[in-house]
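These notes are about the structure you will find just below.
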Amino acid sequence: MHTGTISKIDEEIDAVMGAAMIVINDVVELPSRVTHSAKVAGSITKTDFIAPWGIRPGLRSAACIYEEDRPVTWLPMGAAKDRLHHLLMVTVTKGGLLLLTTTDADHRAALLQHLQFDYFANWKPVSQAVLVKALVEGEKLKTLWLTGVHRDTGIKPTSKIISGSDLVDAIDPMNDASFLAGAVRSTKGGVSLRNSSVWTGPNSNLQTFEARTVNLLTLVDLAIQAKPGSELQVHGALASWVDDLANVNGCYAVSQADHETLDGASGRAKAKALADQFRVELNALGASAGQPACAFAVLVTEIKSSKTAVVEVEPYLVDGRIQYLVATMPAAPFNEWASAISESSALLRAYYDSGHTITGGTLALVRRQESPFKGFVYGNFNKYNVTQEKPPAPVTLKNGKKVSGAVPLLDMMTDTDESLFKWIFKEGLTLLGLKKPSPKGVWLYCDDGASEVADFVHLDVESKPKRLTLVHAKGADSDSGARQAAPGPYELVAAQAIKNLRALDAQLLLDRIRERLKKNGSKRIWDQPWAVNLAPLPDAKAFEAALGKLGTNYDCEVIIVQPHVRKSDFVKRVGSADTVGASQLRTLLFGVESLARAVNAEFRVVADRI
């Protein structure tokens, strides 16, 4: 975007086109210096400039078609040359937006790098917040390129790419909290947040390109007018980028960026060259005396000679991006390393006790557990005893001691029962969007007892795809209207849910249920909706047959019914200051959710709506 006012669009286009072609010519003729890649030098043999034309009032484009001759590296020098045809388009709006479009990846990377360093007079990259506002906010997330802001460790990747129909609910608030979105593909297109570039797919003709250009620039212009702040992020559970160094302090580690995680051939080649030549570590914890709190000193070792030098580095922000200042340049060969990180901050990562990380030229902050747990469903338990999990077992005296008998499961089919088991069967299925039992299509099996698979197994073969649900119940610790959120009441039932996740495999579930039916009897299965004195099926043949034919194409879910949490209490605490109990409970539930997702299962928790 332009930093001033554009008076004549065509003059701006000509200036940008000329500057861009100088960069491209350097890439072609001096590839080792500009892109740091092993490509041999070529030459631009022909350029055809297309004069500016209007796309619509206030928006004009110009183009340059150019040919590059490059020696064929697998033949004797001079024996043959590859001729490559390229296109560069420059589009400028009266309102101050610039779009550079090129058909070559190396040329694009070089132009983006120069844009970051104010090479194009009066032009600067569009901010990440604007790009998110224009192309990501409210859209389905199709692909995420994630960079870790945690220290390199053997048990967690430093970067990953995830794809799906919509990743909004696929982000793990615990495991993914230390990842930063570097690029996103949404339903509107792809955007690299680190270097202000966008891709929208191939254009079959000029008309398609112009239509997409108008749409893109309109979206960006509207986003700029909305003035989004840095708090606008790709996803609330991911690490966030920060545009203020005020609270950054206590650097405890530095590392050179893995070349495979960087954008463009130029960045990857330079990072690999530095890693092959130098090794780095923090010289001392925190900032040196007299330096800003965010500064740090790096002990750089030349691998070949084992010589060392200490380089003082001070991060600073320019248009939301980190740059590194090396006030005192070290002697050779360490000046090469210092110059490289000064030119590209993406080459060096820094980690701080304040929770901040500098990675990919971006200042990021890990935000753990700030997102509310979204899997709560709130039920009405007014007619039930929230502390009573199942129908009460009869108690007899034996040798002066109270002895509990078998749980009378059929009592949940009476009007007098107030247990959660009855609530699940009578009201919970509907609240949870699960079909009521029906002959030959939907079954509800109660597996209550020692070594149970779940308190209830709900099997629905009528839906498409079929659906398998495991329901675990636990009574609240108290029925007090003042009870507060805490992890304790959920720990046992959460552990039961976790250890039985493998039961979501149809064959394993069938084997276990056959064993359970032999042990406990088959009269625990219903294929009719709840009704007073409803009898179970006389045998399990239909249920077992349906399980045996379930196959692998079915949805599965784990549900915990534990009404200890009250909606009025928990929602209030999420919106304001958490108690330790609410925070710990959220952490526990995120952990169960993560493990459920690992076996491709959804996870919900039923709490009290009061």
Work out from phi, with θ = phi - 60° and the Karplus expression 6.51 cos²θ - 1.76 cosθ + 1.60, the ³J(HN,Hα) of each residue of the stretch 40-51, listed in order in whole Hz, and give x for Gly and Pro. 6, 5, x, 7, 8, 9, 7, 9, 10, 8, 9, 4
Reachable aspartates and glutamates, given that their alpha-carbon falls under 19 Å from the alpha-carbon of residue 140 and they are not under 8 places away in the same chain: 166, 169, 172, 176, 602
Which one, 242, 330, 297, projects farthest toward the positive side of the charge dipole computed for the stretch 242-365 from Cβ point charges (K/R +1, D/E -1)? 330
Residues whose modelled amide H sits under 5 Å from the amide H of residue 376, counting only those 5 or more places away in sequence or on another chain, are 605
With every protein chain in place, what's the accessible area of residue 266 (1.4 Å probe, Å², nearest 10)? 20 Å²
From Cα pairs below 8 angstrom and at least 6 apart in sequence, can you work out the relative contact order of the chain, rounded to a whole percent? 10 percent
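Relative contact order of the stretch 242-365: what whole-number percent is it, with Cα pairs under 8 angstrom and at least 6 residues apart?
28 percent
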Ranking 552, 102, 469 from most to least accessible area with a 1.4 Å probe gives 552, 102, 469
Going toward the positive end of the dipole of the chain, with +1 on Lys and Arg Cβ and -1 on Asp and Glu Cβ, which of 413, 213, 484 do you reach last? 413
MRE, 222 nm, helices only [DSSP H, n ≥ 4, -39500 (n - 2.57), over the chain, to nearest 500]: -8000 deg cm²/dmol
Restraint check, 160/270; 499/519; 390/474, Cα-Cα greater than 18 Å: 160/270; 499/519
Give the dimensionless ratio obtained when the Cα radius of gyration of the stretch 376-608 is divided by 2.2 N^0.38 Å. 1.02
Please name whichever of 61, 446, 373 sits farthest to the positive end of the charge dipole of the chain, dipole taken about the Cα centre and charges placed at Cβ: Lys and Arg +1, Asp and Glu -1. 446
Taking amide H atoms as placed 1.01 Å from N in the peptide plane, list the residues 5 or more away in sequence, or in a different chain, whose amide H sits under 5 Å from that of residue 159. 148
For the chain, give the magnitude of the charge dipole about the Cα centre (Cβ charges: +1 Lys/Arg, -1 Asp/Glu; no others), in debye to the nearest 20. 1840 debye
Per residue, what volume in Å³ does the Cα convex hull of the stretch 194-353 take up? 154 Å³
Only Lys, Arg (+1) and Asp, Glu (-1) charged, at Cβ; the stretch 104-224 dipole about Cα centre in debye: 80 debye
What accessible area per residue comes out for the chain, rounded to a whole number of Å², with a 1.4 Å probe? 46 Å²
With all protein chains present, the chain has a carbon and sulfur share of its accessible area (1.4 Å probe) in percent of 51 percent
Semi-axis lengths (Å, descending) of the ellipsoid that matches the C-alpha gyration tensor of the stretch 486-610: 33, 19, 12
List the pairs from 188/374; 440/466; 124/188 whose alpha-carbon separation is above 18 Å, in the order I gave them. 188/374; 124/188
Tell me, what is the 1.4 Å probe accessible area of residue 378, in Å² to the nearest 10? 50 Å²
What is the diffusion coefficient of the chain in µm²/s, taking the Kirkwood radius over Cα pairs and the Stokes-Einstein relation at 4 °C with a viscosity of 1.567 mPa s? 45 µm²/s
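The values are calculated or read from the model by the stated rules, or taken from the named source; none is laboratory data. Computed from a prediction, not measured in an experiment: that's the story for all the values here. With ideal geometry, Cβ positions are generated from the backbone for all residues, glycine too; neighbour counts draw on all protein chains shown. The accessibility values were calculated without ligands, DNA or RNA, using every heavy atom of the protein model including side chains. Shrake-Rupley method; radii C 1.70, N 1.55, O 1.52, S 1.80 Å.
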